[in-house]
Amino acid sequence: MNSRPSTKSDSKAEKNEAKKTILLVEDEPAALTLFSEILRKAGYEVIETTNGQEAIDHAHGIDAGSIDLLVSDLVMPDVGGLELASRFREAFPGTKILLLSGYTEDIVILEEKLSRNTHFLPKPVRAETLKSKVQELLAE
């Protein structure tokens, strides 16, 4: 039996094996940078896109199973978050979706439109809240 103490490289390799990939969609550059930084520091692989169509194109261009979570702004020009979520569910049914928005007036209507794999967080969102919600969704 070969027993050796764990090293930093061992724990780093384990962390990389468990690394989850998040497709982040945000049309506001400052928010995109902030959310991406928060998620990367939490240990996630983050693919940044700036609109819904770019996210769809990107997702179709890579291995469909490699995206564990879609995190998207709700209100965007052209393809908004609800349409993106709907199209994403059709193409990649097992992927969880988290929508973010500063427009919370219609949250009751929005919640009725959310499917089983789609969740919502209001903006502004604290870093700890975002990390916690992402961790919760990826653990399901």
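The values are calculated or read from the model by the stated rules, or taken from the named source; none is laboratory data. Since this is a predicted model, take the numbers as computed values, not measurements. In this analysis, Cβ positions are derived from the backbone assuming ideal geometry, glycine residues included, and neighbour counts consider all displayed protein chains.
Numbers at a glance
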read-out	value
Members of region 36-82 that are hydrophobic (A, V, I, L, M, F, W, C), surrounded by 13 or more Cβ atoms within 10 Å (Cβ to Cβ) and in a loop (DSSP other than H, G, I, E, B)	Ala42, Ile67, Leu74, Val75, Met76, Val79
Where a residue in region 108-122 is at negative phi and surrounded by 13 or more Cβ atoms within 10 Å (Cβ to Cβ) and its partner, wherever it lies, is at pLDDT 70 or above and not in a loop (DSSP other than H, G, I, E, B), with Cβ under 6 Å and at least six apart	Asn117/Lys96; Asn117/Ile97; Thr118/Ala85; Thr118/Ile97; His119/Leu98; Phe120/Leu99; Leu121/Leu100; Leu121/Lys133
Some residue of region 86-100 being farther than 16 Å from Asn117 by Cα and either crowded, with 16+ Cβ neighbours inside 10 Å or over 14 Å from the mean Cα position of the chain (by Cα) (or both)	no
